[in-house]
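The values are calculated or read from the model by the stated rules, or taken from the named source; none is laboratory data. Source: prediction; values computed, not measured. Here Cβ is always computed from backbone atoms with ideal geometry, including for glycine, and neighbour counts include all displayed protein chains. Ligands, DNA and RNA are excluded from the accessible area calculation, which covers all protein heavy atoms including side chains. Shrake-Rupley method; radii C 1.70, N 1.55, O 1.52, S 1.80 Å.
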Amino acid sequence: MEDQDPMQMTSKQVRQSCLLDEACQKLMHQAVRDFGLTSADHDNILRYAKKEANMAGYESINKECLLEAIKHHQAGYRPK
């Protein structure tokens, strides 16, 4: 599953493979609360954050990748 494009992952795959550390969990909870994100929004943000992490060569999502994904989502990006 690690070789799979995060943008093609199912919600279940996203939630299993895109584990967040405590700081990222807090950030995601805050984004859900502040922006009224849906479950689909949550998963799409994780997909984008995982893609960013992969492109930067990180093994997992870090705070910078998650912030970029949230910003990207708020700017109106929606996966096709």
What 222 nm value per residue comes from the helices of the chain, counting each DSSP H run with n ≥ 4 as -39,500 (n - 2.57) and dividing by all residues, nearest 500 deg cm²/dmol? -20000 deg cm²/dmol
Distance (nanometres) between label positions extended 7 Å along Cα→Cβ at THR10 and HIS72: 2.3 nm
Cα-based Rg then Dmax for the chain, in Å, read 11.3, 33
Mean separation of Cα pairs under 8 Å and 6+ residues apart, divided by the residue count of the chain: what relative contact order is that in percent? 35 percent
So, for the chain, what is the accessible surface per residue at a probe of 1.4 Å, expressed in square angstrom? 64 Å²
Quick one: which residues, 5+ away or cross-chain, put their amide H under 5 Å from the amide H of LEU20? H built at 1.01 Å from N. none
Separation of the LYS26 and ALA56 label points, Cα + 7 Å toward Cβ, nm: 1.8 nm
Karplus-derived 3J(HN,Hα), 6.51/-1.76/1.60, for each residue of region 43-55, Hz, glycine and proline x: 5, 5, 5, 4, 4, 5, 4, 5, 4, 4, 4, 4, 5
